[in-house]
Amino acid sequence: MVTRLAIMASGSGTNAQRIMEYFASHTKIRVELVLCNNPKAMVIERAAKMKVPVFLFSHHDLYETSHVLDTLSVQGIDWIILAGFLWLIPRPILSAYPGAIINIHPALLPKYGGKGMYGMRVHQTVISNGDRESGITIHYLNEHYDEGQVIFQARCPVMPNDSPEMLASRIHELEYEHFPVVIEKIVGSG
């Protein structure tokens, strides 16, 4: 039996692409759908190149209708993977997928999480606060931003002369290396 993944993304989609590539020839886990709330997001092109269908939706669709949940259900999705998705997931989806939604965050939670803490904002704050290390956190999703149970963390140094972009580059390498592997372990055992 194949485990069916949906990826939710809002932006460039580099993590989504890495996940799609990782599972492209997998025999037991397959990315079936990319859901996106930004019609200009690069993730749409990345999904098209990987021949993964894209479902575009609006704020209204997610929070005031059942369109997104219905699409997940019709596609037979088993797990939802957030890869740079910036909106809070509403309770009906959380209830339909208990313990089956995974997110990645570009810092070592519980530090530097919460609403508005994403991308370069996180890296700038880490550097401004003088932290000597940063990293990634892969965690289950709950009803609060970045507060779900931690599944995995990987660390990297923050160098004395780092710019946010330099730190982001090391964080991306950790994401690309670990996120697909952790997904495989979690959904393969679930």
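The values are calculated or read from the model by the stated rules, or taken from the named source; none is laboratory data. Everything numeric in this text was worked out from a predicted model, so none of it was measured. Reconstructed Cβ throughout: ideal geometry from the backbone, glycine too, with neighbour counts over all protein chains shown. Accessible surface is based on the protein model in full, side chains and every heavy atom, while ligands, DNA and RNA are left aside. Shrake-Rupley method; radii C 1.70, N 1.55, O 1.52, S 1.80 Å.
Within a Cβ distance under 14 Å of ASN103, other residues only, what is the Lys/Arg minus Asp/Glu net charge?
Once all neighbours under 14 Å are counted, the net charge is -3.
Of the listed peptides 119-127, 7-15, 81-89, what is their order by residue-averaged count of other C-beta atoms within 10 Å, with the highest listed first?
7-15, 81-89, 119-127
At 0.36 nm per residue, and after removing the present C-alpha to C-alpha distance, how many nm does the segment from MET166 to ARG121 gain when stretched out fully?
Value of the extension gain: 14.9 nm.
What FRET efficiency, computed as 1/(1 + (r/R0)^6) with R0 = 30 Å and r the Cβ-Cβ distance, is obtained for ALA48 and LYS28, rounded to the nearest 0.05?
Result of the calculation: an efficiency of 0.75.
Taking semi-axes √(5λ) of the Cα gyration tensor in Å as the quantity of interest, determine which of [x] 28, 21, 16; [y] 26, 23, 14; [z] 27, 18, 16 was computed from the displayed structure.
Here the calculated entry is [z].
If you take the square roots of the eigenvalues of the alpha-carbon gyration tensor of the stretch 139-190 and sort them as a ≥ b ≥ c, do you get rounded (a/c under 1.5), prolate (a/b over b/c) or oblate?
Oblate, because a/c is 1.5 or more while a/b does not exceed b/c.
Let me check against my output: what whole-number percent is the relative contact order of the chain, with C-alpha pairs under 8 Å and at least 6 apart?
This gives 20 percent for the chain.
For ASN37, what charge total do you get from the other residues with a beta carbon under 15 Å from its beta carbon, if Lys and Arg give +1 and Asp and Glu give -1?
So the surrounding residues net to -1.
Relative to the longest principal Cα axis of the chain, at what angle does helix 119-128 sit, 0 to 90 degrees, rounded to 10?
20
Please report, as a whole percent, how much of the solvent-accessible surface of the chain comes from carbon and sulfur atoms (probe radius 1.4 Å).
Here carbon and sulfur together make up 53 percent of the probe-accessible area.
Let me check against my output: what whole-number percent is the relative contact order of the stretch 31-95, with C-alpha pairs under 8 Å and at least 6 apart?
It comes to 29 percent, rounded to a whole number.
Ignoring ligands, DNA and RNA, what accessible area per residue does the stretch 65-128 give at 1.4 Å, in Å²?
45
Can you grab the distance from the C-alpha centre of the stretch 1-79 to the C-alpha centre of the stretch 115-190, Å, no decimals?
21
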